[in-house]
Amino acid sequence: MGDAVDLITEHWGRERPDMDVSPMHIIGRITRLSRVLEQDLKRFFAGHGLEFWEFDVLATLRRSGGEQGLTAGALNRAAMVTSGAITNRIDRLAAKGLVERVPCPEDRRSIRVRLTTEGRELIDELLPLHIANEQRLLEALGAQDREELTALLRRLAEALGDTKLD
C-alpha cells in the first residue's frame, strides 16, 4: 500500500532519477508524523479544555518543579520558547488559576512559578488519560518495534545534540 512519503519519493524518482532521495524516507516520515501526532494531541487536549502548550507547562512543573516550582528562566529553557512567550503562557495559566507566581526563598529578586492545587489536580487527572492516548497512537507497533524505534530515535537525537532539556 505505502504512505504519502512513498508517493513523494516515487514522484522524485520519476522526475529526478539522478538523485538519491533516500533521506526523505526517514526525514519525510518524521516530519509528517510529527504533524499528525501534534494534530491528534491538540484535539485530545482541547477535549479537556486545554491547549497543548498548557499541558506542556503544567507537566513540566509537575515533573520537575516540586513544591517550590521553577524559575521562569528554567521553565523557559524546558519549554524552548522565547522569554516573552513563557511570560504570556504563565500569565494565561495564572488567569485560569492553574499556576501562581511566588517569591524565590533563596533570592528575593527571583520569582518561581508553581502549580496551584487546581493545577496539580488537573495534571494528575489528565496524565493517565494522556498516556493512554499515546498508547492508542502507537498501537500499530508491537513491543519490540517500539523498543527498536526508541533506540533508533534516541541515537539520532544524541547524534544531533538533543541531549539536554535546556
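Just so you know, all these numbers are worked out from the coordinates, no wet-lab data involved. A quick note: this is a predicted structure, and the numbers were derived from the prediction, not measured.
Side notes on the structure shown:
- Kirkwood radius, the range 5-71, all distinct C-alpha pairs, inverse of mean reciprocal distance: 15.0 Å.
- The eigenvalues of the Cα gyration tensor, multiplied by 5 and square-rooted, give the range 1-130 an equivalent ellipsoid with semi-axes of 41, 17, 11 Å from largest to smallest.
- DSSP H segments from the chain that extend 27 Å or more along their own axis, Cα-based, with Kyte-Doolittle mean of -1.0 or above: 23-46, 117-137
- In order along the range 109-115, the phi-based Karplus estimate (6.51 cos²θ - 1.76 cosθ + 1.60, θ = phi - 60°) of 3J(HN,Hα) comes to 7, 9, 10, 10, 10, 9, 5 Hz; Gly and Pro are listed as x.
- Taking amide H as placed 1.01 Å from N in the peptide plane, Arg112 has its amide H under 5 Å from the amide H of Val102, Cys104, each at least 5 places away in sequence or on another chain.
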